[in-house]
1. Just checking, how many residues over the range 154-166 are at pLDDT 80 or above, out of contact with any Asp or Glu (no Cβ under 8 Å at 6 or more places or on another chain) and open to solvent by less than 80 Å² (accessible area, probe 1.4 Å)?
2. Can you name every residue in the range 177-226 that is under 17 Å from E132 (Cβ atoms), outside any loop (DSSP other than H, G, I, E, B) and β-branched (V, I, T)?
3. Step by step: first the residues of the range 77-113, then only those that are among the charged types (D, E, K, R) and loosely packed, with under 10 Cβ neighbours inside 10 Å, then the one that is farthest from N37 (Cα to Cα). Which residue is that?
4. L142 - would you say it is in contact with a helix residue (DSSP H, G or I) (Cβ under 7 Å, 6 or more places away or on another chain), free of Cβ contacts under 8 Å to residues at least 60 places away in the same chain and open to solvent by 70 Å² or more (accessible area, probe 1.4 Å)?
5. For a quick check of your reading of the model, give me the residue pairs whose first member lies in the range 42-68 and is within 30 Å of D78 (Cβ to Cβ), whose second is among the small types (G, A, S) and at pLDDT 90 or above, with beta-carbon atoms closer than 7 Å and at least 6 apart or on different chains.
Amino acid sequence: CAIALTQIGHAQALSLLEAYEAALEHDPIYRSAYHENEAGQQAQAIGLANLLPNLSFTHSQSKSSGTIVQNGTSSSLDFDSQVSTLSLRQPLINMEALASYRIGKAQAESSRAKFTGRSQQLVVRLIEAYVETLLAQDHVKLAETQLNSLEELKRVNERMLEKGEGTTTDVLETQSKHAIAQARVIEAKDELEVAQLKLEAIVGQKIIQLDRLSDTFSSNAIQLQD
């Protein structure tokens, strides 16, 4: 049962890689840049089309019927006619089309660069939101632990006061710290809710549990060049 519950809890935890894959599909800022990039690439293709040859094909078919009268003799006149035309046009000099192509190419490069920047920003925004949520969870646990400790100290001081071994000052001081600890718990929970909503807006799903660093994790100092 313990192994099964551990596996279930791990399956519900959202890893950083899974959060990134979800952000690629749901983050509104990234999706906007993605579609804007697609539109920019089409602008270059449209501009290029004005410089390419224009091939057109037309076909017409008609049927004629009538009577020809010549020297008092009439004869029927019925025939079919078909006309097909294939034309190829290539502009030799079209400065307007050339300018449109350059504009479309610039728009495509601008959209591509903007999309690259938004892609890099997505990684930064996601990691910040992910880590902020984990940090807010730690703040809630720390605040609740401090509150539980002060609740126990408060009960001890009250019992000691009843037995005549404590002072009213100790009781009042503990009550004051207890009230402050309650406020910190509420503040920590609000901080967690804000951080969680920020992360959920990026990944597009409800956050149940996040992967945490293992207890044996250790970081190495980064040696930066001058």
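1. 3
2. V194, I202, V203, listed by residue number.
3. Going through the range 77-113, the residues among the charged types (D, E, K, R) turn out to be 78, 80, 89, 96, 102, 105, 109, 112.
Filter once more, keeping what is loosely packed, with under 10 Cβ neighbours inside 10 Å: 78, 80, 89, 96.
Details: D78: 60, D80: 53, R89: 32, E96: 24 Å.
Among residues in the range 77-113 that are among the charged types (D, E, K, R) and loosely packed, with under 10 Cβ neighbours inside 10 Å, the one farthest from N37 (Cα to Cα) is D78.
4. no
5. H59/S84
Each row is one residue, and each column tells you yes or no for (1) among the hydrophobic types (A, V, I, L, M, F, W, C); (2) assigned to a helix (DSSP H, G or I).
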{"position": "E36", "(1), (2)": "no, yes"}
{"position": "I46", "(1), (2)": "yes, yes"}
{"position": "L55", "(1), (2)": "yes, no"}
{"position": "S65", "(1), (2)": "no, no"}
{"position": "V69", "(1), (2)": "yes, no"}
{"position": "Q82", "(1), (2)": "no, no"}
{"position": "T85", "(1), (2)": "no, no"}
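The values are calculated or read from the model by the stated rules, or taken from the named source; none is laboratory data. Bear in mind the structure is a predicted one, so any value in this text is a computation, not a measurement. Cβ coordinates were reconstructed from backbone atoms using ideal geometry, including for glycine residues, and neighbour counts include every protein chain displayed. Only protein heavy atoms, including side chains, enter the accessible area calculation; ligands, DNA and RNA are left aside. Shrake-Rupley method; radii C 1.70, N 1.55, O 1.52, S 1.80 Å.
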